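One structure is given below, encoded as structure tokens.
The values are calculated or read from the model by the stated rules, or taken from the named source; none is laboratory data. Keep in mind that what you see is a predicted model, and the values were worked out from it rather than measured. Ideal geometry is used to build each Cβ from the backbone, glycine not excepted, and the neighbour counts take in all protein chains shown. The protein model used for the area step is the full one, side chains on, heavy atoms only, and it has no ligands, DNA or RNA in it. Shrake-Rupley method; radii C 1.70, N 1.55, O 1.52, S 1.80 Å.
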Amino acid sequence: MTTLSQTKELFRRADAVCFDVDSTVIKEEGIDELAKFCGVGDAVTEMTRKAMGGSMTFKTALTERLSIIRCSREQVNKLITDHPPQLTPGIRELVDRLHQRNIKVFLISGGFRCIVEHVATQLNIPLHHIYANRLKFYFNGEYAGFDESQPTAESGGKGKVISMLKEQYGFKTVKCIEASSAFIGFGGNVVRQQVKERSSWYVTSFGELLKELEKI
């Protein structure tokens, strides 16, 4: 594992920074909020907990949770209107600073593109810099599944997207900040012990990252 000082140096020199969205860029878990809104919150929260514990693949957990929720297009739109995702304090300033330094910013999420697009728009992140799962609906707006071909629908999907970005853009250093696995761990909304242990740099506020950028 890289040391703390090496990780900080890599972050300062990064060509691109990728952010996880749920419990990182936003305060909540999008799928849990959608489940609550559709009246099946408890069942889905339990399934999310199992998925985080690694007892099933991400795709299986996503399929099972969505088969409980079975949200319509109308419900998803109403959730975004009535309960828009809440940005984590400091993220707007951090993304602005990264953009000022001409560092590309991407959002990579196991959540849903329709919600992540709303977040990206608030942060001035181009929509083609989003990698997330796509919900599918029948012509009458009823739930029809999700696009299983997206890399973010698979376990390890974020790593695949980062490899793709390096190939596509020629990035040498890409740093990923998330609440659910290693790289730079983020615990500002939820503390997951395994993430804390596996991260070479663990932060609890975006201000810590902003301070590091200011050193340049």
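One table, with the values for the structure above:
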{"read-out": "Which of Tyr138, Thr173, Val203, positive extreme of dipole for the stretch 72-216 (C-beta unit charges)", "value": "Thr173"}
{"read-out": "Percent RCO, i.e. relative contact order, over the chain, from Cα pairs under 8 Å lying at least 6 residues apart", "value": "28 percent"}
{"read-out": "Computed [θ] at 222 nm, deg cm²/dmol, the chain (DSSP H ≥ 4; -39,500 (n - 2.57); rounded to nearest 500)", "value": "-13500 deg cm²/dmol"}
{"read-out": "At 1.567 mPa s and 4 °C, Stokes diffusion of the stretch 6-71 via Kirkwood alpha-carbon radius, µm² per second", "value": "95 µm²/s"}
{"read-out": "Net charge contributed by nearby residues that have their C-beta within less than 12 Å of His128 (K/R +1, D/E -1)", "value": "+1"}
{"read-out": "Near-label residues of the stretch 107-145 by backbone N, under 20 Å of a point 7 Å along Cα→Cβ of Thr63", "value": "110-113, 132-138, 143-145"}
{"read-out": "Within the chain, percent of DSSP bridges classed antiparallel, to nearest 5", "value": "20 percent"}
{"read-out": "Solvent-accessible area, 1.4 Å probe, carbon plus sulfur percent, for the chain", "value": "49 percent"}
{"read-out": "Cα-centred dipole magnitude for the stretch 12-148, charges only on beta-carbon of K, R (+1) and D, E (-1), debye, nearest 20", "value": "420 debye"}
{"read-out": "Proximal lysines relative to Lys175, as straight alpha-carbon distance under 30 Å, when same-chain residues fewer than 8 apart are discounted", "value": "Lys8, Lys27, Lys50, Lys59, Lys104, Lys158, Lys160, Lys166, Lys196, Lys211, Lys215"}
{"read-out": "Virtual spin-label span in nm between Arg97 and Lys196, 7 Å along Cα→Cβ", "value": "2.4 nm"}
{"read-out": "Rounded D (µm²/s) - the stretch 102-197, Kirkwood Rh over Cα pairs, Stokes-Einstein at 4 °C, 1.567 mPa s", "value": "87 µm²/s"}
